[in-house]
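The structure appears right after this line, and notes come after that.
Only the coordinates and a few stated rules stand behind these numbers; no lab work does. Keep in mind the model is a prediction, meaning the values are calculated, not measured. Methodologically, a virtual Cβ is constructed for each residue, glycine included, from the backbone with ideal geometry; neighbour enumeration extends over all protein chains shown.
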């Protein structure tokens, strides 16, 4: 599957100079009929890029990493933010396979720039944010959660990478730490997919 030809980058706003995701995680829902009680039934399918990310995150399928990294690197080359290094958002918990770190390293290799997985670390455990819906409440949970080793980032233009963009709270918190603690010259944000919230275009 050639995701480079199928994704459609979407701009995201936040505490960064510019930011994009490659595509939505899912396609618009489709009404497929009604259930026995007459309630509408909908089907939600993933985009091609979303399907690859699902396989990596949920099925731990490392074989999809090259395709995702190729697509991300191809987009960055067309975007031309002039980055000096790639930094990944730390995972919320320890995992045998960490999708964000795997892809960040692969993207850095393709862009021929440094990648240091320990540049951003968690100062404390971060509450899982899936059940926290308000952006401001999420930011409160993340306040002071990250520490930055400035050796790689000070005075440099950083590509901050995450795999899935939901509210953007975590990405914003890490971007702020890169600026405020790390002394980054510029931060550019990139994620593979974003969740499809209410009012998202088809």
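Quick look at the values:
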quantity	calculated
Sorted by Cβ density within 10 Å, fewest first, the residues 103, 123	123, 103
Footprinting exposure proxy for 83, 158, 12 (fewest neighbouring C-beta atoms within 10 Å first)	12, 83, 158
Extension gain, residue 31 back to residue 61 (0.36 nm per residue minus Cα-Cα distance, nm)	7.8 nm
Relative contact order (percent, whole number), the stretch 26-116, Cα cutoff 8 Å, 6+ residue spacing	22 percent
Shape category assigned to the stretch 62-119 from the gyration tensor of Cα positions, a/c cut at 1.5	oblate
q = 0.11, 0.18 Å⁻¹, the stretch 8-92: log10 I(q)/I(0) [Debye, one scatterer per Cα]	-0.45, -0.96
Residue exposure sequence - 167, 78, 150 - by fewest surrounding Cβ within 10 Å	78, 150, 167
